[in-house]
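Student: Take this structure first; my questions come after.
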Amino acid sequence: MKNNILKINQIIIFLFISAISPAYSQTYTSWITGSVADVTTTATGGACLMGGGTDNDDAIKWMIQKSGGGDFVVIRSAGTQAYNDYIYGLGTVNSVETILIDTRAKASIAEIATKIRNAEALFITGGDQSTYVSYWKDTPVEDAINYLINTKKVPVGGTSAGCAIQGKYYYSATNSSVTSAQALANPYNTDMTIGANDFINNPILSNVITDTHYNNPDRRGRQTAFIARMWKDLGAGLNAKGIGVYEKTAVCIDQNGIAKVFAPATGNYAYFYQFDTSSTPETLASGSPLTWNNSGKGVKIIKIEGDTSGSTTIDLNNWSIVNGSKAVYGVIKVINGTLTETSTSGGGTVSYCTSQGGDSSREWIKKVAIGTISNLSNSNGGYADFSSQVSNITKGVATTLTLTPGFSATRNLYWKVFIDLNNNGLFTDSGEEVYSIFSNQTLTPKITIRTSASVGNIRMRIIVSYNSINSSCGTYNYGETEDYTLNVISGTARISKNKEAEYDNTTVALYPNPAKDLVRINFLSEQKQEAQILIYNLGGSIVKSLITNVSAGINNVEIDLSELQSGQYIISIDKGEDKVISKLIISK
């Protein structure tokens, strides 16, 4: 019978420097739940990459199963024993022991290394990866971790910082944390601290850099810059790859290199980056914004939505064989430091989930009109695909959408309008539910396509239902769904000297540039709001900042540069969800 024991072990290790030197001692703290007796079980290898936030139960269960029920060790550089009861309660293990390793001296204690080596599963918590690098790298702890991966072959996992250090390439964060704006503006920013082949040695992640908290889109820019640097400077070449993981999501890679993506609910993803061998960064130099475009080829991504069974897998031996229905293929492109993500299903036309009313005889969509679309359709049995009907719509310009209901008995109806703004085959990303109302009237909402949306054809889905609508997908009892296509085009505005500039929120116009004492900044805003304008020097330091109120449409802001010296700078404009950057040259 297992003894449920929670205790703090204060272990005193005496290290003798030499026969004539005085001894000194070093203590460490650990907490054990379960049996204190070591066991040996049959384990199988694997890696588990968690994206931070709430821990993924299914991923921990996967690690427990692969441990064979042995001893589960957790290591961290700060914190408590909080993982003990959590892991112990998710499956059958002999014990869970958390070890606090918060100095290099403790990382050299022989007993800690022995406990790690005796583990049948190892988990590295979140925290600050710079401390893991500072405390554990080139110590017996590092050797013990690599022993588990390569010799004993047991599952090794980690979340947040514990995930970030698991690739052979890793972002060490030994200086300040780098943002995507900084990384894209200058991929050689001093905070772009990338370790290469000198810490954790997992062969299946040999050319991989990981990143976490990926539901924050800001992480994608710096990940792209990491991979560009791996290609050019750090020895990975065209084999450079990356994995980015949403919070709550986990990528679990078995001993054969097959990766499952776990998540507790829809809308949680993992990104898998790899080179298109015909597309390498065009501009990758210190002090210059990154450009990696090549006529839209950019860097390839496979975006996999997780679920509780890890039903969609990718083979990391080749990064191309995907099994399951929840993968979307696409590219990330960077032009002059501005990133755009576009995705296609299977590398071809974007496909969408089904949505259909079971009975449309009582309420239906009678007519839809927007731009050049004016479609009197009446009832179509619960669903109609009118995606062949296309209307142009300009970014940042409010456009009237007319929705006319049809019903056999007048009653209020639930309406929802979804637009796939990033063209990734989903309607669940932030801001893609563009209209929702409960009404029995003809409706004329104004639809404004945000300036970060994809250019070209994107899908609009309209649903009307007698009952409330919870999802853009699936079936419902009464009502109808119709799909249309919007051709998104960029707005144009006259800026100066009869020159025209296109604004799609991926560009900003500066005039004059080079500037001397004054620069005019032209950019597009979706709405009336506050905008923050920051000017960085090439070292990544903010040298000037301004908060200003902007209006919907094209804005012109003047910035006094008289106190700044000659040189190259980066201007960043933050407008709520949208951020754009551009290079400024000051010449005096």
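The values are calculated or read from the model by the stated rules, or taken from the named source; none is laboratory data. Predicted model only: the values in this text are computed from it and were never measured. FYI the Cβ positions are ideal-geometry reconstructions off the backbone, even for glycines, and counts take in every protein chain you see.
Student: Using the structure shown, decide if Glu120 is under 24 Å from Ile60 (Cβ atoms), touching a residue at least 24 places away in the same chain (Cβ under 8 Å) and in contact with an Asp or Glu (Cβ under 7 Å, 6 or more places away or on another chain).
Tutor: Numbers: under 24 Å from Ile60 (Cβ atoms): yes; touching a residue at least 24 places away in the same chain (Cβ under 8 Å): yes; in contact with an Asp or Glu (Cβ under 7 Å, 6 or more places away or on another chain): yes.
Here the answer is yes, as Glu120 does meet what is asked.
Student: Same structure, new question: Could you grab me the full set of residues in region 64-77 that are assigned to a strand (DSSP E or B) and over 16 Å from Ser95 (Cβ atoms)? Spell out how you get there, then give the answer.
Tutor: We begin by selecting, within region 64-77, every residue assigned to a strand (DSSP E or B); these are 71-76.
Selection gives Arg76 alone.
Student: How many residues, within region 340-378, are of a type in the set (A, V, I, L, M, F, W, C), at pLDDT 90 or above and either surrounded by fewer than 16 Cβ atoms within 10 Å (Cβ to Cβ) or farther than 21 Å from Leu486 by Cβ (or both)?
Tutor: Total satisfying the criteria: 2.
Student: Being aromatic (Phe, Trp, Tyr), in a strand (DSSP E or B) and either touching a Pro at 6+ places or on another chain (Cβ under 8 Å) or at pLDDT 85 or above (or both): is that true of Tyr536 here? Can you show your working first?
Tutor: On the way: aromatic (Phe, Trp, Tyr): yes; in a strand (DSSP E or B): yes; either touching a Pro at 6+ places or on another chain (Cβ under 8 Å) or at pLDDT 85 or above (or both): no.
Against the criterion (aromatic (Phe, Trp, Tyr), in a strand (DSSP E or B) and either touching a Pro at 6+ places or on another chain (Cβ under 8 Å) or at pLDDT 85 or above (or both)), Tyr536 does not qualify.
Student: Considering only region 436-483, how many residues are within 17 Å of Leu403 (Cβ to Cβ), among the polar types (S, T, N, Q), more than 31 Å from the chain's Cα centre (by Cα) and not in a loop (DSSP other than H, G, I, E, B)?
Tutor: Total satisfying the criteria: 2.
Student: Next question, about the same structure. Having 1 or more residues that are surrounded by 18 or more Cβ atoms within 10 Å (Cβ to Cβ), at pLDDT below 95 and not polar (S, T, N, Q) is the bar; report the helices (runs of 4 or more DSSP H) wholly within region 128-225 that clear it. Break it down stepwise before answering.
Tutor: On the way: elements: 129-136, 140-147, 161-164, 180-185.
Once the helices (runs of 4 or more DSSP H) in region 128-225 are filtered for at least 1 residues that are surrounded by 18 or more Cβ atoms within 10 Å (Cβ to Cβ), at pLDDT below 95 and not polar (S, T, N, Q), what remains is 180-185.
Student: Go through region 531-542 and give me each residue that's in contact with a strand residue (DSSP E or B) (Cβ under 6 Å, 6 or more places away or on another chain), farther than 30 Å from Thr399 by Cβ and exposed (fewer than 15 other Cβ atoms within 10 Å of the Cβ).
Tutor: Across region 531-542, the qualifying residue is only Ile542.
Student: Out of (1) in contact with a Ser or Thr (Cβ under 6 Å, 6 or more places away or on another chain); (2) under 26 Å from Ser454 (Cβ atoms); (3) modelled with pLDDT of 90 or more, the odd one out for Ser387 is which?
Tutor: (3)
Student: Which of (1) polar (S, T, N, Q); (2) touching a Phe, Trp or Tyr at 6+ places or on another chain (Cβ under 9 Å); (3) part of a loop (DSSP other than H, G, I, E, B) does Asn424 not meet, given it meets every other one?
Tutor: Only one criterion is unmet by Asn424, namely (2).
Student: In region 263-290, which residues are crowded, with 20+ Cβ neighbours inside 10 Å and hydroxyl-bearing (Ser, Thr, Tyr)?
Tutor: Selection gives Tyr269, Tyr271, Tyr273.
Student: Further question on the same structure: Is there a residue being closer than 26 Å to Tyr188 by Cα and among the aliphatic types (A, V, I, L, M) anywhere in region 245-263? Give the steps one after another, and end with the answer.
Tutor: In the first step, residues of region 245-263 are kept if they are closer than 26 Å to Tyr188 by Cα; the result is 245-246.
Then keep just the ones that are among the aliphatic types (A, V, I, L, M); that gives 245.
For region 245-263, residues closer than 26 Å to Tyr188 by Cα and among the aliphatic types (A, V, I, L, M): present.
Quick grid of which residues meet (1) assigned to a loop (DSSP other than H, G, I, E, B); (2) at pLDDT 95 or above:
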| residue | (1), (2) |
| --- | --- |
| Asn9 | no, no |
| Ile20 | yes, no |
| Ser25 | no, no |
| Ile32 | no, yes |
| Asp38 | yes, no |
| Leu49 | no, yes |
| Gly53 | yes, no |
| Trp62 | no, yes |
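Student: Could you give every pair whose Cβ atoms fall below 8 Å, whose first residue belongs to region 59-86 and is within 14 Å of Thr125 (Cβ to Cβ), and whose second residue is among the aliphatic types (A, V, I, L, M) and at pLDDT below 95, counting only separations of at least 6 or pairs across chains?
Tutor: Listed by first residue and then by second, the contacts come to Gln81/Leu6; Asn84/Leu6.
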